[in-house]
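The values are calculated or read from the model by the stated rules, or taken from the named source; none is laboratory data. As the structure is a prediction and not an experimental result, all values here were calculated from the model. Backbone-built Cβ (ideal geometry, glycine too); neighbour counts: all protein chains shown. These accessible areas exclude ligands, DNA and RNA; they are computed on the full protein's heavy atoms, side chains included. Shrake-Rupley method; radii C 1.70, N 1.55, O 1.52, S 1.80 Å.
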Amino acid sequence: MNHTAINHTIDLHSHTRYSDGTLTLPELLEQAKQQGVTHLAVTDHDAISAHFEDATSIEGINVIPGTEISCQYGNREIHIVGLFIDPNEPKLKAFIKRQQHQRKERMQQYVEKLVKCGLPDFSESIAEVKADSLTRTHLSQIMVQSGAVASIDKVFKRYIGRKGSAYVAMAWPALEEVVSVIKEAGGVAVIAHPQRYQLSRKQLQMLIDDFVDAGGEAVEMAYPNINVQVNQWLTKVLLQRKLYASQGSDYHGPEWKWVRPGYFAPMPKELCPVWQHPRAKSYFG
Ligand code: AMP
Ligand code: MN
Ligand code: MN
Ligand code: MN
């Protein structure tokens with residue numbers, strides 16, 4: 001396995017301003033193009049509005065419709081990326097609307113909890129956020145800009161991260177429901193960044209087993225900052241389970257200077273890339 005980051009033409013995980021990215025869709029496509037990306041999946045958190053914009057106006061880059069859905073797995077929040085989805089599918093549209101509504105209510109709870117922690121009331125700034133999906137990224141940026149907390153890192157560690165004092169435990173839809181919504185919209189379900197959940201190998205194995213039982217078909221195996229040993233172990237699991245492998249930068253915008261579209265270590269060669277899935281055909285020719 002090659003551990004050095006290189007430029008890829010295929011990047012299947014990215015964000016725009018419709019969720020917590022800082023770029024508009026045309027700006028994102030321009031950045032990706034400059035990095036040599038020819039196929040970019042736009043996967044906003046619980047949002048699909050990007051796929052109703054006319055992206056074909058930018059030459060030299062193919063946009064793949066996707067989304068990154070927050071789901072509940074035990075006491076964890078797991079992200080499931082849906083690739084090659086039909087953004088017009090009615091059940092998906094209704095589901096996304098519910099997620100965005102839940103996100104709004106959750107943000108209110110965060111604001112209240114932060115006030116109880118002695119921090120200012122951030123509701124006015126939150127109300128000014130234009131995104132479809134309100135995320136903790138928005139909240140963290142507001143908290144730092146207000147001067148209340150010194151850094152984004154501290155915001156998550158002290159307050160809004162899983163172990164923070166103002167963390168709001170959510171009841172996101174179950175893994176099974178999320179996978180089924182993606183499949184009904186014609187998409188392929190992908191476990192996003194499996195190494196970012198602080199799960200043990202045993203827990204990861206269980207997650208993958210449950211995901212396969214639910215009809216999930218792929219796992220991200222190439223993205224920034226992965227542990228090589230864990231990835232080698234995951235490779236064996238994917239081969240056993242005959243799962244496809246996906247790859248993506250999880251690019252949110254130029255503010256995150258260490259992340260670039262299409263830039264990460266390659267996936268293990270023995271895996272079958274998700275762009276060979278029958279559903280990917282119309283996008284990859
Ligand atoms: P949410 O979907 O609202 O729970 O927000 C999750 C998003 O917050 C992730 O997609 C990341 O972009 C961001 N995030 C999560 N943890 C951290 C962290 N420790 N530091 C900075 N950003 C984070
Ligand atoms: Mn994000
Ligand atoms: Mn994610
Ligand atoms: Mn993401």
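A straight chain from Thr4 to Phe52 at 0.36 nm per residue would run longer than the Cα-Cα distance by 13.7 nm.
Dividing the convex hull volume of the alpha carbon atoms of region 1-102 by its residue count gives 129 Å³ per residue. Below 28 Å, Cα to Cα, which lysines can Lys183 reach? Residues fewer than 8 away in the same chain don't count. The reachable lysines, counting only those whose Cα sits under 28 Å from Lys183, are Lys91, Lys93, Lys97, Lys104, Lys202, Lys236, Lys242, Lys269, Lys281. Note: relative contact order over the chain, using C-alpha pairs below 8 Å and six or more positions apart, is 25 percent. Straight-line cross-link partners of Lys163 among the aspartates and glutamates, defined as a Cα under 16 Å from its Cα and at least 8 positions apart when in the same chain: Glu77, Asp153. Only protein atoms count toward the accessible area here, which uses a 1.4 Å probe; on the chain, the carbon and sulfur part of that area reaches 50 percent. For region 178-285, the share of DSSP beta bridges that are antiparallel, to the nearest 5, is 0%. Of the two radii for region 107-189, the radius of gyration is 1.08 times the Kirkwood radius, both from the alpha carbons; that is the Rg over Rh value.
Region 219-284 and region 20-94 have Cα centres lying 16 Å from one another. Under the convention that each Lys and Arg Cβ holds +1 and each Asp and Glu Cβ holds -1, the size of the dipole of the chain around its Cα centre is about 920 debye.
The helix-only estimate of mean residue ellipticity at 222 nm for the chain, built from DSSP H runs of length n ≥ 4 each weighted as -39500 (n - 2.57), is -10000 deg cm²/dmol after division by the residue total. Here region 204-264 yields Rg over Rh of 1.05, to two decimals, using C-alpha coordinates and the Kirkwood radius. The residues of region 63-106 have, on average, 39 Å² of accessible surface per residue, using a 1.4 Å probe with all protein chains present. Taking the charge dipole of the chain about its Cα centre, with +1 at Lys and Arg Cβ atoms and -1 at Asp and Glu Cβ atoms, the residue from Ala94, Trp258, Ala41 reaching farthest to the positive side is Trp258. P(r) for the chain, from all Cα pairs and a bin width of 5 Å, is 1, 6, 12, 17, 19, 18, 14, 9, 4, 1, 0, 0 %, short bins first.
Karplus-derived 3J(HN,Hα) values for region 107-114, using 6.51 cos²θ - 1.76 cosθ + 1.60 with θ = phi - 60°, are 4, 4, 5, 4, 4, 5, 5, 5 Hz; glycine and proline are entered as x. Taking 0.36 nm per residue of separation and subtracting the Cα-Cα distance, full extension of the segment from Glu59 to Glu177 would add 38.9 nm. The candidates Trp172, Trp233, Trp258, arranged from most to least accessible area with a 1.4 Å probe in the full protein assembly, appear as Trp258, Trp233, Trp172. Among beta bridges from DSSP that stay inside the chain, the antiparallel ones total about 45%.
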